[in-house]
Amino acid sequence: MDERKPGQQLHKLLVLLRRLAVKPPAKLRTWQLTAVSAAAGLVVAAVAIAAAGPWDSSGQRTAERQLAASREAGGGGDHAGAPGGEASDAAPSAPAVLAGLSRSARTGDGTGTKPLAAVLDPLMDDSKLGPERAAVVLDVASGKRVYGKGSGRELTPASTTKIATAVAALSALGPDHRLTTRTVVEPGSRDVVLVGGGDPTLTARGEGRYVTESASLRELADATAEALKKRGTDQDVSLFYDTSRYSGPPQHPIGPNENIAPVSALMADEGRLDTSSSGTAPRTAEPAGDAARNFANLLRERGIGIKADPDAKKAGARAEHLASTRSQPLSALVERMLTHSDNDIAEALARETAVAAGEPASFEGGARAVRAQLGKLGLPLDGAVFDDGSGLDRDDRLSAQLLTALLKRAAGPGHPELRPVITGLPVAGFTGTLVSRYPDASAGTGLVRAKTGTLTGVNSLAGTVVDANGRLLVFAFMTTGTTDPQGAQSTLDAMATALAVRGS
């Protein structure tokens, strides 16, 4: 949660609400309502919490700590190594109000009266953006490009790659798809196998962020212990674990890193060795083994006699079902991935796309499957390179043209199954990786929704914004070779803000 004093938070929210105190247009398209409702709901919820008081020394009302935390997100680890805070689910829906902003409320410096190129060109020429840069802005309703520079140039996308991963996974698997972790027993034996189903959000925790909605290793232990006792095979049990759903090297090419655990079909809490649920964190080198040992201890606590520490073993084809637990639907996993730039979820979704396509569930198979799935959607893939699903790999290459095409497809009316790509984007100044990047006075605060992309020397921003005339725009701004990351981020944020204040 943002550690600023509640008075500062409330001031920030009131500044935004003053911008909203205008009559909305008489007619508003359905896609506009969809695009702005989530940000508006976040503002309403946060103001209600801020006004409730009294507040304790941590800046949060004691009796409403959990509710407040669920409405205000922290940052995510966006590949730069900076620690991220805790994070919330996607913002709730509410009646749309942002599209009704008057131009005078958003263009006090005259920016809104200038041609878009006159506003963006000087920002694109800022030396802070490095030697290679590209930008595209599209009007979602008309499909018209309203700005473009270097649109087809393939640059290192960093974490904006997750937009492509999300679109591929949602279109291949559907938003209601869930990942299942299960236990089975080999026929005629007491060999129990914990079978990984590719769910990095499986949790072994009893409390904390995301615990109540995630698949629970504790609940799986409850059900497994009950099933074993009913069978009369609850003692002298041998426990094994099966990670065969995924193949290939588990370690990402960047090597051991606090941004991602080794990729495994079986892990608990993303292999984190602390209590965090987003951002950077120390990671285990053996996520499957750690999860299995944790599960063994949970079974012992429930009266099951486990003979020894678990070993790796693939479950047999005739193994009998004992119990299972399922993840949140894919739509929620995509939102969590995008809001907090979650690399572990991203790599799992790339592999699940590979499973659906009949490809090996490896880095290479996931890359082929993502590309093939996007090709089926008719997206502009010339020159695109997918070497992973998270964007941590510097060999990835995407164009601003492709990123805006992905966002336009997700925001438009023809593919409602892709809508989590839009609703999962961080809200400027409020959620995820944009929680601290937009100042209170910025006209983009609460209006810009965008996925960040950050590697050393790489800064990108791609997302949506509703302009002063209520048009939904999608944009992608990409830079490579930056030497001033804070300066580059500020310039990219200023470009997105310029879209928010400008009318047609």
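The values are calculated or read from the model by the stated rules, or taken from the named source; none is laboratory data. In this text, all values refer to a predicted model and were calculated from it rather than measured experimentally. Keep in mind that these areas ignore ligands, DNA and RNA; they rest on the heavy atoms of the full protein, side chains included. Shrake-Rupley method; radii C 1.70, N 1.55, O 1.52, S 1.80 Å.
Output the relative contact order of region 180-328, whole-number percent, from Cα pairs under 8 angstrom with separation of 6+ residues.
38 percent
May I ask you to derive the relative contact order of region 249-407, considering only C-alpha pairs under 8 Å and at least 6 residues apart, and to give it as an integer percent?
16 percent
Using θ = phi - 60° and the Karplus relation 6.51 cos²θ - 1.76 cosθ + 1.60, list the HN-Hα couplings for region 430-439 in order, rounded to whole Hz, with x at every Gly or Pro.
10, 9, x, 6, 10, 4, 10, 9, 10, x
List the residues whose amide H sits under 5 Å from the amide H of ALA323, counting only those 5 or more places along or on another chain, with H placed 1.01 Å from N in the peptide plane.
Long-range HN contacts for ALA323: THR183.
Would you mind calculating the gained length between ARG293 and ARG318 on full extension (0.36 nm times residue separation, minus the Cα-Cα distance), in nm to one decimal? It would help to have the intermediate numbers written out before the result.
Details: separation 25, 0.36 × 25 = 9.00 nm, distance 2.43 nm.
Between ARG293 and ARG318, full extension yields an extra 6.6 nm.
Would you mind telling me the share, in percent, of accessible area of region 180-328 contributed by carbon and sulfur at probe 1.4 angstrom?
Within region 180-328, the accessible surface is 44 percent carbon and sulfur.
Shape verdict for region 378-497, please, from the Cα gyration tensor: rounded (a/c under 1.5), prolate (a/b greater than b/c) or oblate.
Verdict is oblate for region 378-497.
Could you pull out every residue, at least 5 positions away or on a different chain, whose amide H is within less than 5 Å of the one on VAL146? Hs are placed 1.01 Å off N in the peptide plane, and Pro or chain starts have none.
It is VAL137, LEU138, ASP139, by chain and number.
Where does region 283-430 land on the Kirkwood hydrodynamic radius, alpha-carbon pairs, in angstrom?
It is 18.2 Å.
Can you return the aspartates and glutamates within cross-link range of LYS229? Criterion is Cα-Cα under 17 Å, with same-chain partners fewer than 8 residues away left out.
Answer for LYS229, where 17 Å is the Cα cut-off: GLU186, ASP191, GLU219, GLU301, GLU320, listed by chain and number.
Please give the length that would be gained between ARG145 and THR180 if that part of the chain were fully extended, namely 0.36 nm times their separation in residues minus their C-alpha to C-alpha distance (nm, one decimal).
Details: separation 35, 0.36 × 35 = 12.60 nm, distance 4.19 nm.
Extending this stretch completely gives an extra 8.4 nm.
With no solvent and one point per C-alpha, what does the Debye sum give as log10 I(q)/I(0) for region 124-260 at q = 0.17, 0.18, 0.21 Å⁻¹?
For region 124-260 at q = 0.17, 0.18, 0.21 Å⁻¹, log10 I(q)/I(0) is -1.16, -1.23, -1.37.
Over all distinct Cα pairs, what is the inverse of the mean 1/r for region 180-328, reported as the Kirkwood hydrodynamic radius in Å?
After inverting the mean inverse Cα-Cα distance, the result is 15.4 Å.
Under the classification rounded if a/c is under 1.5, otherwise prolate if a/b is larger than b/c and oblate if not, where does region 242-318 fall, given a ≥ b ≥ c as square roots of the Cα gyration tensor eigenvalues?
It is oblate, given that a/c is not under 1.5 and a/b is not larger than b/c.
How large is ³J(HN,Hα) for each residue in region 137-142, as worked out from phi by the Karplus curve 6.51 cos²θ - 1.76 cosθ + 1.60 (θ = phi - 60°), to whole Hz, x for Gly and Pro?
My calculation for region 137-142 gives 10, 10, 8, 5, 5, 8 Hz in order.
Leaving out ligands and nucleic acids, and using a 1.4 Å probe, what accessible area per residue does region 180-328 come to in Å²? All intermediate terms of the calculation are to be shown ahead of the outcome.
Values: 6390 Å² over 149 residues.
Roughly 43 Å² per residue, with all protein chains present.
For region 180-328, give the share of DSSP beta bridges that are antiparallel, in percent and rounded to the nearest 5; count only bridges with both residues there.
Of all bridge pairs located within region 180-328, approximately 55 percent are antiparallel.
Considering only protein heavy atoms and a probe of 1.4 Å, how much of the accessible area of region 372-480 is carbon and sulfur, as a whole percent?
51 percent
Just to check I understand the Karplus step: with θ = phi - 60° and J = 6.51 cos²θ - 1.76 cosθ + 1.60, what whole-Hz values come out for region 379-391, glycine and proline as x?
Working through the residues one at a time gives 7, x, 9, 4, x, 6, 10, 10, 9, 7, x, 9, x Hz.
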